[in-house]
Number of protein chains: 2
Amino acid sequence: MSNGGGVMSSTTHLLDFLEEPIPGVGTYDDFHTIDWVREKCKDRERHRKINAKKKESAWEFTKSLYDAWSGWLVVTLTGLASGALAGLIDIAADWLNDIKEGVCLNAMWFNHEQCCWGSNETTFAERDKCPQWKSWAGLILGQEEGPGSYIMNYFMYIYWALSFAFLAVLLVKVFAPYACGSGIPEIKTILSGFIIRGYLGKWTLLIKTVTLVLAVASGLSLGKEGPLVHVACCCGNIFSYLFPKYSKNEAKKREVLSAASAAGVSVAFGAPIGGVLFSLEEVSYYFPLKTLWRSFFAALVAAFVLRSINPFGNSRLVLFYVEYHTPWRKSTRFGKYPILEVIFVAAITAVVAFPNPYTRQNTSELIKELFTDCGPLESSQLCQYRSQMNGSKAFVDASPNKPAGPGVYAAIWQLCLALIFKIIMTIFTFGLKVPAGLFIPSMAIGAIAGRIVGIAVEQLAYYHHDWLVFREWCEVGTDCITPGLYAMVGAAACLGGVTRMTVSLVVIVFELTGGLEYIVPLMAAVMTSKWVGDAFGREGIYESHIRLNGYPFLDAKEEFTHTTLAREVMRPRRSDPPLAVLTQDDLTVEELQGIINETSYNGFPVIVSKESQRLVGFALRRDITIAIENARRKQEGILLTSRVYFTQHAPTLPADSPRPLKLRSILDMSPFTVTDHTPMEIVVDIFRKLGLRQCLVTHNGRLLGIITKKDILRHMAQMANQDPDNIMFN
Amino acid sequence: MSNGGGVMSSTTHLLDFLEEPIPGVGTYDDFHTIDWVREKCKDRERHRKINAKKKESAWEFTKSLYDAWSGWLVVTLTGLASGALAGLIDIAADWLNDIKEGVCLNAMWFNHEQCCWGSNETTFAERDKCPQWKSWAGLILGQEEGPGSYIMNYFMYIYWALSFAFLAVLLVKVFAPYACGSGIPEIKTILSGFIIRGYLGKWTLLIKTVTLVLAVASGLSLGKEGPLVHVACCCGNIFSYLFPKYSKNEAKKREVLSAASAAGVSVAFGAPIGGVLFSLEEVSYYFPLKTLWRSFFAALVAAFVLRSINPFGNSRLVLFYVEYHTPWRKSTRFGKYPILEVIFVAAITAVVAFPNPYTRQNTSELIKELFTDCGPLESSQLCQYRSQMNGSKAFVDASPNKPAGPGVYAAIWQLCLALIFKIIMTIFTFGLKVPAGLFIPSMAIGAIAGRIVGIAVEQLAYYHHDWLVFREWCEVGTDCITPGLYAMVGAAACLGGVTRMTVSLVVIVFELTGGLEYIVPLMAAVMTSKWVGDAFGREGIYESHIRLNGYPFLDAKEEFTHTTLAREVMRPRRSDPPLAVLTQDDLTVEELQGIINETSYNGFPVIVSKESQRLVGFALRRDITIAIENARRKQEGILLTSRVYFTQHAPTLPADSPRPLKLRSILDMSPFTVTDHTPMEIVVDIFRKLGLRQCLVTHNGRLLGIITKKDILRHMAQMANQDPDNIMFN
């Protein structure tokens, strides 16, 4: 495994192959940005070494085979683990959610539905009721009906909701602060090349899994799908440590994480293709075709495992167990007391949610009910239409539009209240310090609105079928309006407006619903909602949170349209001190250390001489420090007065001078350069597409200055009239 | 509209805004590669100009609105035209195909199916037979049955097939040679930045549309889906001429073409999402998210139009009207006589295809039949199982596995013969000079093989249900093997092996079949077939044809893994004459023309002086020629002895010297440079990601040489032990 010097390693490999690589050179500090080009070169170098060795022995050949297949192996393991964890979380959350309402007497570990499966006394119409399942009122007061038991159940519901919420926020706060939120903005930032140590670690994984179950069960207005993406990425990160190819290369590791995020969405929505597209459209930064195939495979394995676990016992993937979310790190005044905040929101949610059936029930079940059309077997309140056919069952099956009955009117009122409640609670729930997703709540809001509109249009069409808009395809007694479809389109449109996803969202929704025929209305709804959303501001919720958190994320979607030139953005500015540069062969160790100590730059250009200003290469601060320390510890005769040289051959020195220190192996001899006249739009493009950290600016062959990723982000913020100091990390 | 100088136009805009742009500067010759960076800069410049002007008057504001919406407008028009043309082609091909067998007496313009719709004498079981539809034997000999009429029909079938094939190849040869083949390899090359004038023109569109109908109707083993992508791209190209934003910018035009190819696949397979993914995974080179949304929209519009035209009268999209193809330009001995070649292949196809029902019928109908499972209403020979249930109709519906009847055995033999025939004929048909696609033939081959395997496994399971593999899920009387699913998986796998598509293929197949539940087996089959294919060679059929044709296509899928450095690839080589460079202020017009005439390079680096070799910029040959011509025609006092200067201010000249010529406006002041130590893997990456034409090589700030796209392609061919002279264009 070569750590020796990144970009120029293939060069130094030829020139200095007797030199040992210096340990630590080529790694990164926390909260720093990786150099994609260097990482990819390191990987190709490693690949070539293995290929060259593989004919030496059977053992080396086996190792090369293992290396070649480790990519598929790691995504397989990630897919397996993601599928298994998703199944576990589904089952646990389902069980814990039912605990709020009651308990199964025969077997504590059964949820409500499973508890009543074994019962003989259950009829199809009342399949939710069976003697084995006791509500808390039934268990404590001994009676299932009446105002006393209602209050008892209400109380126990609030009690459990608060307990779960309290436990979740406590665990997050004490053990793994990174486990809160959905993690998608952070994963986007990490995939773009930023380093956040521990964000995808085993503690985060463990705590996130446990608290996710608790948070979902507490009844807060949040979803578990976004966090599942984080969970899958943790699995990907942990498994990548088994393979040196991935553990020692930050760029390769990000390929695994891209595939893991596809697996995460695949299990979250039961949508393997949607997962791949989500990873491509929304999350990933660098997505070569190889990663597309790996993601595809990871998504496939994960979906297959989840289907085998079959958490809902219906041999389908988890239709409508759907949600996301996004964190909000900017603290409100309340934000200083995260536990209190969570308890407060959970209490309000529980108190308000219980009396309204549409807010009490599981959000995914609500969405399912809203999407479902009224058939003869549908017992939902939403389907209590007044039948015109004298009760003839045969005609209900054809389900023509009918006038709404009292059940539908009651349902509409409850849905309106639920809509307002969901909107308000979802806004506040996003900022809590518990794992939380925004997908299901957004879909629920959209579905409620869509269903209300659908019923309204249906009734309009029934009573006014002579109106121009209805006349053509709405004859009396035919089924021309499907309120369920309105709900589905509404859900997709609402989610599209929040996240600004397009193709991946449509695919997810139709994988979710199996509604392949509704592609056209779904596509139209998603496009419209994107246009309307873009009129208010181009950022989706994930981009907004990345900006709010000040992560150094160079968005590929935003276009840079200003006419500034590289020389206006580069440092040093006119009033600044001159650029800190190193000359290639006339500095001493002491002078070099002096330059490093006086400045805080991450790297220094190396030039031929102060007079000519001709650029030789670029050396990183971290590498110089490590190399000097290493040399003074291991090489004899290196003193503070030793000459440092970056050239191929040592400079001619006076006879009494101490042994010089050769630093060519840490010199990047192919730094990226642009001329001072290069428009910033091109520079931004180069940074985005090649994943650079810095770029040197020259004029007629002379070094003028440097542009870093942070300079670009600051400049973009300035041009957009935002506070440039908002970009916090480097 | 600024033509003035590409990359540095924003600079020159500030410095030389009084200078008129020189007409012709910034355009390209035929068979040349575009400079993506320059084109994108040109577009941003244009955009800024419009934005700056838009507050001046209501007219300018309207123009800016028109400009902002022209992107959506052009993809809408392209979608509309592609959908309409696809519908037209479907209807015409269907009608012409039936002409081979007979004619509708009531109305010549009805095809067989439509002809019998109006008939009262048709029963459901014999819905293909009605008195209005006369076979040729019936029309000419007056009798429908018997050996005489069979031979008559056989003869007429061959006659019509040959006529259609002859007419098609004649039209292609005489009017539009570019209309042959599927066009997908060429479209890939064009999208990567190559210019082939006329390839997407109106003549190609017209002739391709007509000959596609003829070629499909002639019964050759080809499909019409690949050519439909070409047809859609022609529409996109033609409509882009309505909008200066697209007509005058080659990079922007390629965004429209990406969207058009999505629309093409969308109408070819009735798969809008699949179309977008096909454009992304297989065809496009530069695919920003904006193009993703536009493609999505174009695909949507096209699918919607096609559905409205409803060519098959079944209110679904064109399920199983599926095919592609690919051309083969390397000439065989036969290839010199394209017409003879086509007639020969068409004759063999017609003679062999007629007697076997599986090869006589329309390939898409064959695929549909193979995919379909045996239900009680299925009258196909493939479903003649021996019933065990004493003919009880009620049980057939549950369709347990049954022993095969004589019909099935006969069908298997015919399928085996059809398989061999299809494989052989498809291989030869690909090289013909008619519009031809490979999608349907590949799918048919895969579907036949899959169905045969499916039936074999089914019979094995029936007779050996105690075998270990069947024991678990194959009890007697249950339906555990679905031969139709085997056919579907086989079709996907075969197509995947030919084209090496993955995600887009799976999406297309399930949009085509509606088989959302079969994602997992489909994904597994496609991945396996890709792996097996990759073991034989990594190229899909389109890449192979691009290589065979010698197009300058830098594939993003292939990885460059060699350790060569930029200095080993750059020109001049050690034995070459020195690099042709221009100095910034001491050449005369005559000297400059001399340099241009003596060399054939496309561009020249401009340096400060021969001694310092410090790089100032890069000037294109074409631009220099145009600028000199323009100056000598329009500016007075420009003589052969005039000094040419690229600097900001004119050099100090002797008093009697003629007026100097300023060429700064055509100088690219931000040429891309790399150092001589840069590994070629990075250089290849830069060329791919930024779409460069050339890149200059420096060492310690001095100009050393140049690397062009062609140098890179030659180098890659050399490293892969291929003939580097195979790369034909520049």
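The values are calculated or read from the model by the stated rules, or taken from the named source; none is laboratory data. The structure displayed is predicted, hence computed values, not measured ones. Here the Cβ is made from the backbone with ideal geometry for all residues, glycine too, and neighbour counts use every protein chain on show. These area figures cover heavy atoms from the full protein model, side chains too; ligands, DNA and RNA do not enter into them. Shrake-Rupley method; radii C 1.70, N 1.55, O 1.52, S 1.80 Å.
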Dipole in debye (nearest 20) - the protein assembly as shown, about Cα centre, beta carbon charges: Lys, Arg +1; Asp, Glu -1: 2900
FRET efficiency, 1/(1 + (r/R0)^6) with R0 56 Å, evaluated for A:Glu558 and A:Tyr409 via beta carbons: 0.75
Extension reserve of the A:Glu591-A:Glu144 stretch, reckoned as 0.36 nm per residue once the Cα distance is removed: 152.5 nm
Hull volume in cubic angstrom per residue (convex hull over the Cα atoms of chain A): 199
Coil-residue chymotrypsin sites (Phe, Trp or Tyr not before Pro) of segment A:236-299, DSSP, other Cβ within 10 Å capped at 14: A:Tyr241
Label point 7 Å beyond Cα along the C-beta direction, distances from A:Arg48 to other copies (nm, shortest first): 4.1
Exposed-loop-free span, longest in chain B, where trypsin sites (Lys or Arg not before Pro) count as exposed if DSSP calls them loop and at most 11 other C-beta atoms lie within 10 Å: B:387-572
Per-residue HN-Hα couplings for segment A:109-116 [Karplus 6.51, -1.76, 1.60; θ = phi - 60°; Hz; x = Gly/Pro]: 7, 8, 8, 3, 5, 4, 4, 8
About the Cα centre, charge dipole magnitude for segment A:566-720 (Lys/Arg +1, Asp/Glu -1 at Cβ), debye: 400
Label spacing, shortest first and in nm, from A:Lys63 to its equivalents in the remaining copies (7 angstrom along Cα→Cβ): 6.8
Nearest 10 degrees, 0 to 90: helix B:250-269 Cα axis against chain B principal axis: 0
Dipole magnitude (debye, nearest 20) for chain A, charges at Cβ of Lys, Arg, Asp, Glu: 1780
Rounded Å value of the spacing that divides the Cα centres of segment A:551-608 and segment A:170-228: 36
Under-5 Å amide H pairs with A:Tyr385, H placed in peptide plane, nonlocal only: A:Gly405
Nearest-0.05 FRET efficiency for B:Ala650 and B:Leu548, computed from C-beta distance (R0 51 Å): 0.45
For segment B:635-730, share of DSSP beta bridges that run antiparallel, in % to the nearest 5: 55
Chain lengthening between A:Ala68 and A:Asn602 when straightened (0.36 nm per residue, less Cα-Cα): 188.8 nm
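Between the DSSP loop rule and a limit of at most 10 other Cβ atoms within 10 Å, which GluC sites (Glu not before Pro) in segment A:527-588 are left?
Listed in order of number, the matching sites amount to none.
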Karplus-derived 3J(HN,Hα), 6.51/-1.76/1.60, for each residue of segment B:598-609, Hz, glycine and proline x: 6, 10, 10, 5, 7, x, 9, x, 10, 10, 5, 7
Using a 7 Å Cα-to-Cβ projection, B:Gly594 label spacings across copies, nm, ascending: 5.3
Total accessible surface hidden between A and B, rounded to 100 Å², 1.4 Å probe: 6800
Rounded, prolate or oblate (a/c below 1.5 giving rounded, otherwise prolate when a/b exceeds b/c) for segment A:28-103 by Cα gyration tensor: oblate
Unit charges at the beta carbon, dipole of the protein assembly as shown: most positive-side option, A:Val434, A:Thr678, A:Ala492: A:Thr678
Which of A:Leu460, A:Leu582 is most accessible, then next, and so on - probe 1.4 Å: A:Leu460, A:Leu582
Relative counts (whole %) of C-alpha pair distances in segment B:566-720, using bins that are 10 Å wide: 10, 38, 31, 15, 5, 0
Loop sites in segment B:27-88: chymotrypsin sites (Phe, Trp or Tyr not before Pro), DSSP, at most 16 other Cβ within 10 Å: B:Phe31
Degrees separating the helix B:289-309 axis from the principal Cα axis of chain B, which is the longest one: 40
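Tell me the net charge near B:Phe354. Cut-off is 12 Å between Cβ atoms, B:Phe354 excluded, with +1 for each Lys or Arg and -1 for each Asp or Glu.
+1
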Antiparallel %, DSSP beta bridges [both residues in the protein assembly as shown], to 5: 75
Mean separation of Cα contacts under 8 Å, 6 or more apart, over the residue count of segment A:566-720: relative contact order %: 27
Environment charge of A:Trp109, counting only residues whose C-beta is closer than 14 Å and scoring Lys/Arg +1, Asp/Glu -1: -3
Positive dipole terminus of chain B, leading residue within B:Leu639, B:Gln613, B:Pro578 (C-beta point charges): B:Leu639
Unit charges at the beta carbon, dipole of chain B: most positive-side option, B:Thr588, B:Gly603, B:Ile424: B:Thr588
FRET efficiency, 1/(1 + (r/R0)^6) with R0 51 Å, evaluated for A:Ile424 and B:Ser308 via beta carbons: 0.75
Residue-count net charge about B:Trp203 - beta-carbon cut-off 14 Å; Lys, Arg +1, Asp, Glu -1: +4
On Cα atoms only, tilt of B:406-429 relative to the major axis of chain B in degrees: 20
Cα pair distances exceeding 50 angstrom across the protein assembly as shown, given as percent: 40
